[in-house]
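Worksheet for the structure shown next.
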Amino acid sequence: MSTGSFAIEINKIRKGQRSPHADSVAVEEPLEIRLGCSTPNGPATRSISITMRTPGNDDELAAGFLFTESIINSANDIASIEPCGPPAPDSGHHNVIRVDLQSSVEVELGRLQRHFYTTSSCGVCGKASLDALRVTGLDPFVDTSPVFGEDVLVSLPDKLRAAQSTFDDTGGLHAAGAFDTGGKLIAVMEDVGRHNAVDKVIGQLLLEKKLPGTKFGMMVSGRASFELMQKTLVAGMPLLAAVSAPSSLAVQLAREFNMTLIGFLRGDTFNIYSGDERICP
């Protein structure tokens with residue numbers, strides 16, 4: 001059984017009959033991300049986020065979070081990533097992780113206050129979110145490459161589902177995967193939080209020096225929110241595909257930045273909300 005699931009005993013009710021049953025639930029525990037960096041007054045450590053996540057791939061989660069929030073620009077900005085403090089007595093998981101940056105990396109500590117608390121279902125929305133994204137220096141994609149075949153897209157949900165080992169135990173985790181134009185999954189992650197799963201994928205690609213992901217697309221098992229669209233954009237990936245619906249702000253973001261947004265990708269059907277020129281028969 002994976003570390004992302006927890007074995008429990010439950011009672012099942014079937015046609016009025018009650019019976020004890022062994023079951024598994026998805027693990028959800030807090031992860032505090034601490035940042036160590038240099039300031040004009042000397043070294044400083046700041047707690048910048050507490051997120052409810054499924055333990056596992058915490059290095060990738062921390063790296064992906066820092067990258068998609070534009071706190072770091074590359075893996076070279078990271079000096080070390082280490083668990084911090086003793087394991088939690090009840091679970092044995094390290095629920096604090098510290099990321100130390102290279103001394104040459106400049107960080108605005110005041111700006112980090114807004115990151116201090118997030119949850120496994122958090123999101124951001126509204127005009128202010130788009131305005132904030134515009135001032136980060138991100139530009140729209142200038143061309144329509146790469147091109148993904150319809151056959152590639154419709155093959156992705158089954159491939160992503162087959163890679164969800166913890167979902168088999170619990171039925172309670174989201175998944176995200178980066179894929180190439182041939183439909184090969186480059187990285188797959190699971191988490192109780194949709195945005196955490198995406199951060200873990202982006203963090204893996206970052207640490208493997210595979211970003212910007214201009215030749216990749218992102219596939220998610222749930223809906224396409226503004227936040228997931230934003231993270232895909234920051235990672236340099238021109239396409240986000242989701243098995244469920246997109247939000248209005250996700251559509252707006254995709255169209256403004258010339259990205260491809262796919263929704264309701266199920267069976268052999270899907271909807272194209274933006275960037276249909278990247279999809280070929």
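Any read-out appearing in this document is the output of simple, stated calculations on the displayed coordinates, not a laboratory observation. Quick caveat, the model's predicted, so the values are computed rather than measured. Don't worry about glycine lacking a Cβ; one is built from the backbone with ideal geometry, like all the others, and counts go over all protein chains shown.
A few comments on the model shown:
- Gain in span if fully extended, His21 to Arg46, counting 0.36 nm per residue against the direct Cα distance: 4.5 nm
- Computed lengthening from Asp268 to Ser104, 0.36 nm per intervening residue step minus Cα-Cα distance: 54.1 nm
- Of all lysines in the structure, the ones whose alpha carbon falls short of 29 Å from that of Lys200, not counting any fewer than 8 places away in one chain, are Lys127, Lys159, Lys184, Lys209, Lys210, Lys215, Lys231.
- Each Lys and Arg contributes +1 and each Asp and Glu -1, all at the Cβ; summed about the Cα centre of the stretch 1-95, the dipole is approximately 540 debye.
- Antiparallel content of DSSP bridges confined to the chain, in %, to 5: 75
- Considering helices alone, the calculated mean residue ellipticity of the chain at 222 nm is -7500 deg cm²/dmol, with DSSP H runs of length four and up weighted by -39500 (n - 2.57) and normalised per residue.
- Computed log10 I(q)/I(0) for the stretch 148-280 at 0.10 Å⁻¹: -0.26, from the Debye equation with unit scatterers placed on every C-alpha and solvent omitted.
- Cβ-based charge dipole, the chain, positive-most Cα from Ser274, Ile97, Phe141: Ser274
- Convex hull volume per residue in cubic angstrom - Cα atoms of the chain: 141
- When each of Met218, Met52, Met259 is scored by the number of other beta-carbon atoms lying within 10 Å, the sequence from fewest to most is Met52, Met259, Met218.
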